[in-house]
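The structure appears right after this line, and notes come after that.
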Amino acid sequence: MRLDKYISNATDLSRTDVKKLIKSGLVSIDDETAKSGSQKVTDDQEIAIEGSTIQLMTSRYFMMNKPAGVVSATKDHTNPTALDLIYEHRNDQLQIAGRLDIDTTGLLLITDDGQWNHIVTSPRTDCKKIYAVELENAVSEDYHKKLEAGIALEGEKRRCLPATMQVIDDHHIQLSISEGKYHQVKRMITSLGNEVVSLHRLQIGGIALDPELEPGDYRPLTEEEIASIQ
Ligand code: URA
């Protein structure tokens with residue numbers, strides 16, 4: 001790639017600004033002063049502006065432990081958003097892959113890779129989401145059968161896809177679903193004749209919430225975690 005294109009892709013600088021920097025001798029390639037914007041560079045070369053190395057922007061992937069009171073949106077007039085808690089370059093290009101309600105806590109995936117986001121959220125890809133659910137009333141044995149048959153939600157033409165449940169104790173279950181309909185878990189539990197007291201997302205596909213993350217904290221996904229979504 002041309003040096004000037006490489007730098008303007010990796011930074012907020014325009015090609016004109018980049019050309020000026022190169023002319024002023026402020027850009028280096030592998031510690032050698034760059035002579036022209038048309039010089040070809042490759043990914044394994046070190047490009048620096050005034051001694052600071054820059055990197056070509058590749059897609060970015062993060063997990064957050066979403067706290068209650070934060071909305072899964074890019075903008076909101078009333079409440080803080082998950083993106084308000086992310087301090088990254090070109091923050092405005094990030095999107096949330098699978099929203100959570102304001103009162104739901106736990107695993108939130110954030111990326112600027114639209115295709116990857118689609119794989120996480122599309123019901124067709126069968127990317128399982130696992131939730132820890134606290135129930136108002138004691139769990140009943142017949143939930144297993146009903147969940148496997150697909151719950152009929154009020155106002156929806158089609159039944160939910162089959163879901164599975166693991167009972168932790170009388171009032172706590174782990175529910176695994178592969179869709180993300182509006183308020184899906186809460187509505188499923190209501191249609192089973194119970195209510196959700198609290199909801200926390202533990203896992204999406206092969207990505208489990210990092211127990212080291214405090215509420216509101218986030219970290220980049222590892223290569224393995226990114227590749228586990230396909
Ligand atoms: N289901 C819900 O009802 N709420 C969430 O936040 C996520 C899944």
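The values are calculated or read from the model by the stated rules, or taken from the named source; none is laboratory data. In this text the structure is predicted, and so the values were computed from the model without any measurement. Every residue, glycine as well, gets a Cβ built from its backbone with ideal geometry; the counts of neighbours run over all protein chains shown.
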Going through (1) more than 16 Å from residue 126 (Cα to Cα); (2) modelled with pLDDT of 95 or more; (3) not charged (D, E, K, R) one by one, residue 155 fails only at (2)
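Could you please let me know if residue 134 is away from the ligand (no atom under 12 Å from the Cβ) and closer than 13 Å to residue 185 by Cα?
For residue 134, the condition - away from the ligand (no atom under 12 Å from the Cβ) and closer than 13 Å to residue 185 by Cα - is met.
Within the range 90-147, which residues are of a type in the set (Phe, Trp, Tyr) and touching a Ser or Thr at 6+ places or on another chain (Cβ under 9 Å)? So that I can check it myself, show each step before the final result.
Filtering the range 90-147 down to residues of a type in the set (Phe, Trp, Tyr) leaves 116, 131, 143.
Within the range 90-147, 116, 131 qualify.
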Residue count, the range 5-14, condition surrounded by 13 or more Cβ atoms within 10 Å (Cβ to Cβ) and over 15 Å from residue 53 (Cα atoms), comes to 1
Contact list, first residue from the range 122-135 and surrounded by fewer than 19 Cβ atoms within 10 Å (Cβ to Cβ), second anywhere and assigned to a helix (DSSP H, G or I), beta-carbon distance below 7 Å, six or more apart or interchain, is 125/119
Filter the range 84-118 for residues that are in a loop (DSSP other than H, G, I, E, B) and exposed (fewer than 13 other Cβ atoms within 10 Å of the Cβ); the one that is nearest to the ligand (Cβ to nearest atom) is 103
Scanning the range 179-230 for residues that are more than 17 Å from the chain's Cα centre (by Cα) and at positive phi, the one surrounded by the fewest Cβ atoms within 10 Å (Cβ to Cβ) turns out to be 193
Checking 141, 156, 148 in turn, the sole residue that is surrounded by fewer than 12 Cβ atoms within 10 Å (Cβ to Cβ) and either closer than 27 Å to residue 193 by Cα or within 13 Å of the ligand (Cβ to nearest atom) (or both) turns out to be 141
If you go through 86, 96, 49, the only one that is in the same structural domain as residue 8 (by TED's automatic domain parsing) and either of a type in the set (A, V, I, L, M, F, W, C) or touching a Lys or Arg at 6+ places or on another chain (Cβ under 6 Å) (or both) is 49
